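Shown below is the structure under consideration.
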Amino acid sequence: MSKQHKQAEEYIDIDDEIQTTAQQTGYAWEEEYKRSWDVLQEDEDGSLKRTVENLQHRMKRKKLFRDTSTIRRGIIRHIFLIIDLSEAMMEKDLRPSRLELTLSYAEQFILEYFDQNPISQLGIIVTRGGIAEKLTDLTGNPMDNIRVLKNKKNTDTDGEPSLQNSLEMARSTLIHVPAHGSREILIIMGSLTTCDPGDIYDTIDSLVKENIRVSVVGLAAEVQICKHMCKKTKGIYGVVLNEVHFKDLLFEIIPPPPVSVAQSKAELVIMGFPSSVTDSMPSLCACHSKPTTNGYICARCNSKICDLPTDCPVCELTLVSSPHLARSYHHLFPIDNFVEVPWNSAFTTHCFSCQMPFPNATTSLLGTRVVTETSGRYKCNKCNQHFCIDCDVFVHEVIHNCPGCLATTLSIK
Amino acid sequence: MSVLKDTATVNEDDANLLVLIIDTNPLIWTRSAKSTGLSLKEALRHLLVFINAHLALKHDNEVAVIASHVDVSKFLFPIPTPPRLSEDTDQVVDSNLYQRFKVVNDQVIGNMKDLFEDITTLNSYPDKASSMIAGALSMALCYINRIMRADEIGHIKPRILIISISPDSPYQYISIMNCIFSAQKLGIPIDVCKVHGEDTVFLKQAAHITGGRYLKLQIPQGFLQFLMITFLPDRFTRNYQCLPGEEKVDFSASCFCHKKMIDIGYVCSVCLSIFCHPLEQCSTCRTNLILASVNECGLKLVNGIKKLDKAKGRESGGST
Ligand SMILES: [Zn+2]
Ligand SMILES: [Zn+2]
Ligand SMILES: [Zn+2]
Ligand SMILES: [Zn+2]
Ligand SMILES: [Zn+2]
Ligand SMILES: [Zn+2]
């Protein structure tokens, strides 16, 4: 009984905490009231179309200003996804419910994470009823993680979450991760309270000491302890506004984080590049002990495994194929941001890569100059070609190649 | 990213967008004409028939043609400003020819001519034997992105076909791989027809990773026949076709220092360069490296197994 009482005292009272920190940072609801319709202005034809287009352009561009300097990034990542399964997750303020949305986004997150970080690992911890439970250990296989989330038994909700227990559980695994890999924790937190057995500040201190970065996506409201923890461990803290924003916050974690040169050790990692085999007779694989005909042979110990990338279950050699390494190259060699072209040098007629005609600077019916702020052209500073906004976004977010630089030689013009 | 449509499921009545990338490296086409008799002119005749066949399959099928030249890649069709309306070519309407075929044929031929007349910088490219395939692929993906954005219901199913003759250029490795992964993400298959020369490892991987088809043309005289049978079927029809035994794709890595094929390598954890021997400093990114602590028990176990294997005379053989 007495233990129960102690736990109750450890609940974090958010109202208290807010008062102490609000002055320095400012919360969304304290910001000056903005009337969004004041921004809209009719053009001389009395239409809003242009203004709306401009706003859309700006929205698209905003996403784009990303860091393109070639900093060192932690390409080989180890991350624990901690999912809150407390009763607070049954709230229906996010559609269809916090829990269902979290599970479907978590699945997308896992797929995208492994797509962008092919030689990284991920494990899942859930917390409910005051305890933490490890669903998967760190693994390089997205399907293993998704399978446990699909199992309904693993995603029942109950009681209060325990931040400290789940952090300690993640920490105990992450401290064994080799020094060249990053150590990260991502928490999806629906509850405003946590049920902890001890002092969580001790846990945070040890996380800082072990170089573990903690990021939190809050589903309800800002919680001081989470904010403090993320700040201390150099993670990202965000509280969702709506369904789309939830996904944006989650996906912010996907690009490999920059690491300081001092913090991470550069290492030479031994990796195996196994050859694929197709046997006429099925033989047992070392990973699942199932008879298979197709597979890969570990370059060091000759055991047969089903899928890449993975660690060899027998000799623990990291096994990858060369395309897996190539998938990470675009993080290491990012392309520069395109710059907006002012009207006075907008002579091109169409987008270089998709052939979309550009708006031209001709005058409108009334004889006044067109009022659009942007010329709709964006220039690569290396090859001086002009691109439309859609290609600009597509090139930086998906292809990671500048079509202009690749399709022309510099000596042209 | 927000408009990733469902490109994986295909229906019978979907329209198809074919983006054809033609490698027009003049040096290699000349070589091809000498050794096999298939010149670019001849190949283009076959390709135009193939394009017309594609357009004839469905009334809403679309096509785009991009040339991957030695120093530039360029759209041949469609181009935003259709020029040369009143030029030498006969403007008489050929009553025996479907107007749409004529437009495509004329533009492709006309723009191809322009491309070859405008040889300004043959010697600027670092690797003359190759062509700008990475640029052409990037443009193709941008074009597909534009068409798919405009198509709100996801009715158009895109695919890319590369007619390749040039050998791989190591300068383009990263950019080609980037294109391959984006195509895979967007669900766009990349087909490759290798007309002349050795297999290209990069493009073979492209076809394999994106679920496209790879064909090395054995009989150049039958170019059209191979195009029609292998590459004309749309993505829906392909579900019902069986290809002859799948070829093995080479995913093995080669070290950055000697370009030697290796099966166990040392990888720099910062820039992912692969080396065949341990070094103190990475030669690509100049960071000082320490050898990661090798998992001792794993190594011991393996050495044990190897000894055992030797003792047994290795009758098990292992791989094929
Ligand atoms: Zn297996
Ligand atoms: Zn092994
Ligand atoms: Zn464009
Ligand atoms: Zn450029
Ligand atoms: Zn070497
Ligand atoms: Zn390096």
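The values are calculated or read from the model by the stated rules, or taken from the named source; none is laboratory data. Keep in mind that this is a model prediction, so the values were computed, not measured. Here Cβ is always computed from backbone atoms with ideal geometry, including for glycine, and neighbour counts include all displayed protein chains. Keep in mind that these areas ignore ligands, DNA and RNA; they rest on the heavy atoms of the full protein, side chains included. Shrake-Rupley method; radii C 1.70, N 1.55, O 1.52, S 1.80 Å.
If you roll a 1.4 angstrom probe over the protein chains with everything in place, what fraction of the accessible area of the range A:77-251 belongs to carbon and sulfur, to the nearest %?
Exposed carbon and sulfur together represent 52 percent of the surface.
Pop the C-beta distance of A:Val339 and B:Ile147 into the FRET formula with R0 = 25 Å and round what comes out to the nearest 0.05.
The computed FRET efficiency comes out at 0.40.
Other chains near B:252-261: what is the mean number of their Cβ atoms within 10 Å of each residue's Cβ?
2
With a cut-off of 8 Å between alpha carbons and a minimum separation of six or more residues, what is the relative contact order of the range A:77-251 in percent?
Averaging sequence separation for qualifying contacts and normalising by length gives 24 percent for the range A:77-251.
Pairs A:Lys209/A:Lys231; A:Lys209/A:Lys234; B:Lys74/B:Lys194; B:Lys74/B:Lys113; A:Lys92/A:Lys134; B:Lys58/B:Lys157: which exceed 18 Å Cα-Cα?
B:Lys74/B:Lys194; A:Lys92/A:Lys134
Here's a follow-up. Report the accessible surface area buried between chains B and A, summing both sides, using a 1.4 Å probe on protein heavy atoms only, in Å² rounded to the nearest 100.
Result for this pair: about 5900 Å² buried.
Which shape class, rounded, prolate or oblate, goes with the range A:271-330 when its Cα gyration tensor gives a ≥ b ≥ c as root eigenvalues, a/c under 1.5 marks rounded, and past that a/b bigger than b/c marks prolate?
Since a/c reaches 1.5 and a/b is larger than b/c, the shape of the range A:271-330 is classed as prolate.
If packing is taken as the mean number of other Cβ atoms within 10 Å per residue, what is the order of A:209-216, B:225-232, A:89-96, highest first?
The packing order, highest mean first, is A:209-216, B:225-232, A:89-96.
Still on this structure, I have one more. How high is the relative contact order of the range A:271-330? Use alpha-carbon pairs under 8 Å, at least six apart in sequence, and give a whole percent.
32
Under a plain spin-label model, where a point goes 7 Å from the Cα along Cα-to-Cβ, how far apart in nm are A:Ser97 and A:Ala221?
Taking the simple label geometry, A:Ser97 and A:Ala221 are separated by 2.3 nm.
Follow-up. Mind checking the mean number of beta-carbon atoms from other chains within 10 Å of the Cβ atoms in A:270-283?
Shielding by partners across A:270-283 averages 5.
Measure off 7 Å from each Cα along the Cα-to-Cβ vector at B:Ser95 and A:Lys290, then give the distance between these two points in nanometres to one decimal.
My value for the distance between the label points is 6.6 nm.
Just checking the output field for A:348-357: average partner chain Cβ neighbours within 10 Å of each residue's Cβ?
For this peptide, the per-residue mean of nearby foreign Cβ atoms is 6.
On to the next question. Could the peptides B:152-158, A:280-286 be put in order, highest first, of the mean number of other beta-carbon atoms found within 10 Å of their residues?
B:152-158, A:280-286
Ordered by residue, what ³J(HN,Hα) values in Hz, to whole numbers, does the range A:166-173 give under the Karplus form 6.51 cos²θ - 1.76 cosθ + 1.60, where θ = phi - 60° and Gly and Pro are x?
Taking θ as phi minus 60°, the curve returns 5, 5, 5, 5, 5, 4, 4, 7 Hz for the range A:166-173.
Starting with the highest mean, order B:179-191, A:223-235 by the number of other Cβ atoms within 10 Å, averaged over the residues of each peptide.
Ranking the peptides B:179-191, A:223-235 by packing returns B:179-191, A:223-235.
So with the 1.4 Å probe, I'd like the accessible area per residue for the range A:271-330, rounded to whole Å².
Spelled out: the 1.4 Å probe surface of the range A:271-330, per residue, equals 40 Å².
Express in nm, to one decimal, how much length is gained between A:Ile236 and A:Ser172 on full extension, taking 0.36 nm for each residue of separation and deducting their alpha carbon distance.
The span from A:Ile236 to A:Ser172 would gain 20.9 nm if fully extended.
Skip the ligands, DNA and RNA, and give the accessible area per residue of the range A:77-251 with a 1.4 Å probe, whole Å².
38
Pull up the DSSP beta bridges for the range A:77-251 and report the antiparallel fraction as a percent, rounded to 5.
Of those bridges, close to 20 percent are antiparallel.
Could you tell me whether the range A:122-221 comes out rounded, prolate or oblate from its Cα gyration tensor? Rule is a ≥ b ≥ c as square roots of the eigenvalues, rounded for a/c under 1.5, then prolate if a/b exceeds b/c, otherwise oblate.
Oblate is the answer for the range A:122-221, as a/c is 1.5 or above yet b/c matches or exceeds a/b.
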